[in-house]
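The values are calculated or read from the model by the stated rules, or taken from the named source; none is laboratory data. Since the model is a prediction, treat every value here as computed from it, not as a measurement. Here the Cβ is made from the backbone with ideal geometry for all residues, glycine too, and neighbour counts use every protein chain on show. Only protein heavy atoms, including side chains, enter the accessible area calculation; ligands, DNA and RNA are left aside. Shrake-Rupley method; radii C 1.70, N 1.55, O 1.52, S 1.80 Å.
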Amino acid sequence: MDNYEYIVACLPVLRPEDSRSDSLDAAAIVEEIREQLSAGDAAVLDTLLAGYDPDRMDAGFYTEALRHKNRFIREWFAFDMELRNATVAYLNQSLGRPAGQDRILLEGREDEEFEDLPAVESVLRGSDILRRERGLDDLRWRKIEELTMMDYFDLDAILGTVAKLHIIDRWRSL
């Protein structure tokens with residue numbers, strides 16, 4: 001049931017500052033989306049949502065995500081993994097820990113360059129932990145916008161909205 005136009009038309013227009021709003025119920029919006037998706041599209045949504053479960057964020061998850069048939073899933077989790085690795089590398093260096101500790105390194109991606117590394121390092125050099133977290137989420141938000149720039153009425157637009165809802169919901173809980 002590829003009713004993407006209807007689903008997208010019903011979605012709220014999201015902005016990072018929506019984290020201050022009490023009117024957004026991310027879980028309810030995601031459930032409403034799920035009810036309107038085909039089984040195959042719901043499975044893609046489940047893959048996206050699995051990426052927010054700390055217990056599942058390992059090399060196996062990223063290997064599967066980076067091979068996924070859906071472009072948004074592949075590119076989003078490639079970015080997510082590189083962002084997390086850059087953050088861990090920065091913290092390892094700051095704390096005097098071994099450079100490769102706690103990083104997720106996938107075979108065949110050893111030579112991949114992370115184009116957003118300078119921006120991540122700039123954010124991490126800040127002294128205010130909340131500003132650093134907000135800065136990292138701003139980078140995530142920009143990446144979502146980049147990935148969905150040409151997606152108006154398709155599954156990737158919906159996945160981008162769900163990823164943004166996760167950012168907003170995280171800040172609401174903070």
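Brief remarks follow.
- Overall shape: oblate for segment 1-69, with the ratio a/c of the largest to smallest alpha carbon gyration tensor axis at 1.5 or above and b/c at least equal to a/b.
- Euclidean distance of C-alpha centroids, segment 28-68 and segment 110-170, integer Å: 17 Å
- When you restrict to C-alpha pairs under 8 Å that are six or more residues apart and normalise by the size of segment 1-127, the relative contact order lands at 17 percent.
- Whole-percent carbon and sulfur share, accessible surface of segment 60-154, 1.4 Å: 49 percent
- Cα-based shape type of segment 102-174, given that a ≥ b ≥ c are square roots of the gyration tensor eigenvalues and the cut on a/c is 1.5: oblate
- Taking θ as phi - 60° and the Karplus parameters 6.51, -1.76 and 1.60, the scalar couplings of segment 158-168 work out to 5, 4, x, 5, 5, 5, 5, 4, 5, 5, 4 Hz in sequence order, x denoting glycine and proline.
- A Förster radius of 30 Å, combined with the Cβ-Cβ distance separating D116 from Y6, puts the computed FRET efficiency at roughly 0.30.
- Take every pair of alpha-carbon atoms less than 8 Å apart whose residues are at least six positions apart; their mean separation over the length of segment 44-87 yields a relative contact order of 32 percent.
- Charged-residue dipole, Cβ positions (Lys, Arg, Asp, Glu), the chain about Cα centre, Debye nearest 20: 560 debye
- When the Cα positions of L91, Q36, I158 are compared along the charge dipole of segment 28-174, L91 comes out farthest toward the positive end, with charges on each C-beta of Lys, Arg, Asp and Glu.
- Projected onto its three principal axes, the C-alpha set of the chain covers 51, 37, 29 Å, listed from the longest axis down.
- Cα-centre dipole for segment 81-129 with unit charges at Cβ (Lys and Arg positive, Asp and Glu negative), debye to 20: 340 debye
- Across all Cα pairs in segment 14-110, the calculated P(r) in 10 Å bins from zero up to the longest distance comes to 13, 35, 32, 17, 3 percent per bin.
- Per residue, the chain exposes 58 Å² of accessible surface when a 1.4 Å probe is rolled over the protein heavy atoms with every protein chain present.
- Toward the positive end of the charge dipole of segment 98-142, with +1 on the Cβ of Lys and Arg and -1 on the Cβ of Asp and Glu, the farthest Cα among P118, I129, Q101 is that of I129.
- For the chain, the longest site-free run once trypsin sites (Lys or Arg not before Pro) in DSSP loop states with at most 12 other Cβ atoms within 10 Å are removed: 1-66
- With at most 16 other Cβ atoms within 10 Å, longest stretch of the chain clear of loop chymotrypsin sites (Phe, Trp or Tyr not before Pro) (DSSP): 53-113
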